[in-house]
Amino acid sequence: MMIRHKILTILMGFIALVVHGQNELFYEDFNITRLNEPNLFGEILYQQTLTSGSQFLFNEWTKGNVELSNGRIAQNVDIKYNGYTDELIWLNPSLKIVVVDKNSVSGFSIIDPKTGSMLTFKKMRVKVPFYIQPTETYLQVLHQGKYKLYAFRQIVQSGRVINTEKNRSFELPEIKPKPLYYIELPNQNMVQFYKAKKSTFINLFPNKKNEVKHLLSSQKIRLKHESELVKAMEIIEGMEK
Amino acid sequence: MKITRNKILISFILSLLFCFPIGIMASNRSYQSVSPKEGVYIHTDKDIYFAGDNILFKVYRFNLNDQLKGWESKAAYLSIFNQNGGFVSKRELVLKNDTHHGYIFLPDTLASGIYKIVGWTNSMIMNESPLFAKQIVIVNRFDSNPIPFLAPYRIEEIKESELVGDSTTQDSSFSPNPVGLTETKLYTKPIKNISSADIKIFSDKEIYDTREKVTLSIDFSDIPEGIASASITVARAESFFENSPNLLSYFNQNLFPENLPIITQYTQKFNDDQLKKLTVKKEWSNQKVSRTKMLPENYGLVLSGRIIDSKSKRPKENVTVMLSSADTLVNLKHFSTDNDGAFYFIIDEFYAGKALYLSVFNETPDFQNLDIVVDDKFFSSKFDPQNFAVHSNLDGYIEECKLIKRAQKAYNIKFIRETNGEIEPKSGTPYLYRTPVVRIKLADYVPMDNFEDISNEIIPVLRIQKQKYSYSTRIVSARTRSLLLREPQFFLDGIYVPNLGDIINLSSEELDRIEVVNLPWALGSLEFSGIVALYSKNDNYKNLNQQSGHTIISGISSTNGYQMNFPTYESNKANDNFPDFREVLFWLPNIEFANSQSTSVVFYTSDVKGDYAAVVEGLTTSGIPFSKRIFITVK
């Protein structure tokens, strides 16, 4: 059972890679598509803040597409999302680590190396904890429709740890993921929460409270996990139609 | 059972592993060794011009087969040259929806003569397709009449039998075009052709007074697929040649050339002689090599060339070439030359109408001894004119026009107004950065005489030190507060400047603002140890030239940027007091087709009496051409 599970996972990963391979046009041996592609740009990172725990959504470099604010798309580039700093990190052709200029990006998509699925992120101006003004933040799109569900894959400090290396001790921030969810209502108001309480969720639909309540219980959705939250949004969308 | 199932799965994955690289290659990479077969046609407002006129034109690009969709050219070229091959105009055109329209001013000093307009795309050359060519006549109003240069080529009349188009005729002294500008005379022999889309043109009257409103209706109810693009010209009948190509005939020539006699007067083949003019001689090996690889321009116009050592003339590999243009923001593209020293850039809409500045990245060793050689895409050749089927009143028309042109010059009457063009969002802008770390407005500070003083006084992160014959610069990182390893790069009005010495003397009075990105920065694979961008008040970038290490290429043609200024009379009484000596009553490069049945265009006649031809040309959405003409009279 374990072996089959692992085999299936590898298989899906390969399929995703095959499917995701970009279309390139070559004239004889000249890659014309590459000539037409926009360049990403940003600060070269030589040092990274040390932490205990991973700052990234996925530790490994993974292929993705970056949509720029000028409408162009940089395809099939090696990227990582840093949830600790809310930055998109790119491995450039010279193998330098670059923080992609956030002002130039309108969104990106990235392959989940474990499942092979494509995750889409959009840059939006939202209120985030500890900031007075709304800031531009990368949010993962979990559901699109009349109601939209987003997740801010933030990685936050949860404490401090003491590390010892070569007989020297130093303190490091301990970090862990703490996703923050946003629901965008049809009137473009944004509601944010860490964990969706059933009652809070139902109150988002004041005209249809009973219907929503009935649908959630009939589908046995308790909103304890993210997948249930996505499913609930899909059901609400279906109900609206 | 379990073991068997797992074995099957493993086998499947192993086989996939072998197929995977092949699968990627086959499904995701498209290899081509031929470019699409396509053609280009140029619709002009008339065929006979005077020096000082504007040629109003529209370029149509069309497919000659459907095999290579997605490879259609997004750029075309147009040149006008005289019988000796001397250029009058060279234009690089961005195609939008497979068309481009614009105007070309003919200088007043042009000599009377027969000229050729040639149009092509890169793909047409790569396929050795015949290029579009059309003869026009330009008259200088100070020349005597009858114009002697025309005499050997004038034909007053086309015989009916010649119009039918005997495909066996090989008479090179007169090669009739059987589909002239006569709406009834299509192919009369049952030969292969593309049938013309059936549109009808009607005028509300046949005879008009001067300064009277004309309404032309265009009925295309018999074309269910609709019109993709069409243009209309209304000009004096004498200003057209009866045997000038039209879109329909030209389309058929390209698709079915065997239908027609040799029509060398209308086509020009890009032959080996032409190719020799584009060679770069390898002096060090005494061999001639062709220009850089010609690429299909399906993403946009391709600017190409070579970097060569100025002494040895050898091509240089791995040299970073920088491309930028004047703008309110720093813009940059770069390319590392291949082993032939070649570089390529796609010039998209961002660069339309702008001069392009090429230079070598100053971190290249010995960059000052490298030359940038840009491929010349234009060619011309001497030609022997072919016959013109002229209007019987041509001489009278020319005499009349001489007086008209003098009056237009005296009153300074212009029918074309240059505009700033439509304001389009800057799509595809090749930014280098979006937000600087430091931004300084010079007006907020005490004026200083040069950039060295400005930097030392008000840009603490930038250090400039004068050395014997040059300057050394360093920048303090905004992140680490230590000096970055290499020197920063400088820009003036958005353009890359390899030598600080070319901008060091700019004073506070000349500069508007300075932006600094004092961080190690990457644009693609190119790295910067900081960026300093200067913006001047009065376009000081115009002082950049070859001495400053720049090769400047004039901007590619933008469709936007002009407006026709034809007078109207009923609603605008102010025009009543001005003379109206137009012999081109109307030109509309893009006829609007709002509903699915018909449309109309409205214009006013001028004070110039005579017979006028209204010619509509265009393509349907399925690529079928049409060319129709009617006549009206102004009395």
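The values are calculated or read from the model by the stated rules, or taken from the named source; none is laboratory data. Keep in mind it's a predicted model, so treat the numbers as computed, not measured. Glycine also receives a Cβ, built like all others from the backbone with ideal geometry; neighbour counts cover every protein chain displayed. Quick note on the areas: whole protein, heavy atoms, side chains included, nothing else; ligands and nucleic acids left out. Shrake-Rupley method; radii C 1.70, N 1.55, O 1.52, S 1.80 Å.
Give me the residue from region B:73-85 that is under 24 Å from B:Thr620 (Cα atoms) and not small (Gly, Ala, Ser) and, out of that set, most open to solvent (accessible area, probe 1.4 Å). Please lay out each step first, then the result.
Initial filter on region B:73-85 (under 24 Å from B:Thr620 (Cα atoms)): B:73-78.
Subsequent filtering for residues that are not small (Gly, Ala, Ser) retains B:74, B:77-78.
On the way: B:Lys74: 84, B:Tyr77: 3, B:Leu78: 3 Å².
Ranking the candidates gives B:Lys74 first.
Pick out, from region A:149-190, the strands (runs of 3 or more DSSP E) lying fully within it that include 2 or more residues that are among the β-branched types (Val, Ile, Thr) and surrounded by 14 or more Cβ atoms within 10 Å (Cβ to Cβ).
Details: elements: A:155-165, A:168-177, A:180-184.
By residue number, A:155-165.
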Reported set for region A:150-180 where residues are within 16 Å of A:Phe201 (Cα to Cα) and in contact with an Asp or Glu (Cβ under 8 Å, 6 or more places away or on another chain) is A:Tyr150, A:Ala151
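Name the residues in region B:294-312 that are among the small types (Gly, Ala, Ser) and assigned to a loop (DSSP other than H, G, I, E, B), would you?
Looking only at region B:294-312, we keep the residues that are among the small types (Gly, Ala, Ser), and these are B:300, B:304-305, B:310, B:312.
The answer is B:Gly300, B:Ser310, B:Ser312.
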Considering (1) within 21 Å of B:Phe251 (Cβ to Cβ); (2) open to solvent by 50 Å² or more (accessible area, probe 1.4 Å), say which one B:Ala613 fails and leave the rest. (2)
Take the conditions buried (at least 19 other Cβ atoms within 10 Å of the Cβ) and more than 8 Å from every other protein chain (Cβ to nearest Cβ) and apply them to A:Val66. Does it pass? yes
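For region A:69-98, what are the residues that are aromatic (Phe, Trp, Tyr) and either open to solvent by 30 Å² or more (accessible area, probe 1.4 Å) or within 14 Å of chain B (Cβ to nearest Cβ) (or both)? Lay out the reasoning, then the answer.
Looking only at region A:69-98, we keep the residues that are aromatic (Phe, Trp, Tyr), and these are A:81, A:84, A:90.
Across region A:69-98, the qualifying residues are A:Tyr84, A:Trp90.
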Across (1) more than 30 Å from B:Ser525 (Cβ to Cβ); (2) without any contact (Cβ under 8 Å) to a residue 12 or more places away in the chain; (3) not charged (D, E, K, R), A:Val128 clears everything bar (2)
Go through (1) among the hydrophobic types (A, V, I, L, M, F, W, C); (2) touching a strand residue (DSSP E or B) at 6+ places or on another chain (Cβ under 6 Å); (3) open to solvent by 10 Å² or more (accessible area, probe 1.4 Å); (4) at pLDDT below 90 and name the single condition B:Val88 misses. (4)
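Sort through B:Ile413, B:Ile464 and tell me the only one that's among the aliphatic types (A, V, I, L, M), more than 30 Å from B:Ala352 (Cβ to Cβ) and away from every other protein chain (no Cβ under 14 Å).
When all the criteria are applied, what remains is B:Ile464.
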Among (1) open to solvent by 40 Å² or more (accessible area, probe 1.4 Å); (2) closer than 26 Å to A:Tyr46 by Cβ; (3) modelled with pLDDT of 95 or more - the single one B:Phe491 does not satisfy: (1)
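Looking at A:Lys213, A:Lys208 in this structure, which one is modelled with pLDDT under 85, part of a helix (DSSP H, G or I) and in contact with a helix residue (DSSP H, G or I) (Cβ under 8 Å, 6 or more places away or on another chain)?
On the way: A:Lys213 fails: modelled with pLDDT under 85.
Step by step, each of A:Lys213, A:Lys208 is checked, and only A:Lys208 is modelled with pLDDT under 85, part of a helix (DSSP H, G or I) and in contact with a helix residue (DSSP H, G or I) (Cβ under 8 Å, 6 or more places away or on another chain).
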The conditions are (1) closer than 13 Å to A:Leu40 by Cβ; (2) at pLDDT below 95, and A:Lys102 fails exactly one of them. Which is it? (2)
Reported set for region B:484-529 where residues are part of a loop (DSSP other than H, G, I, E, B) and among the basic types (Lys, Arg) is B:Arg486
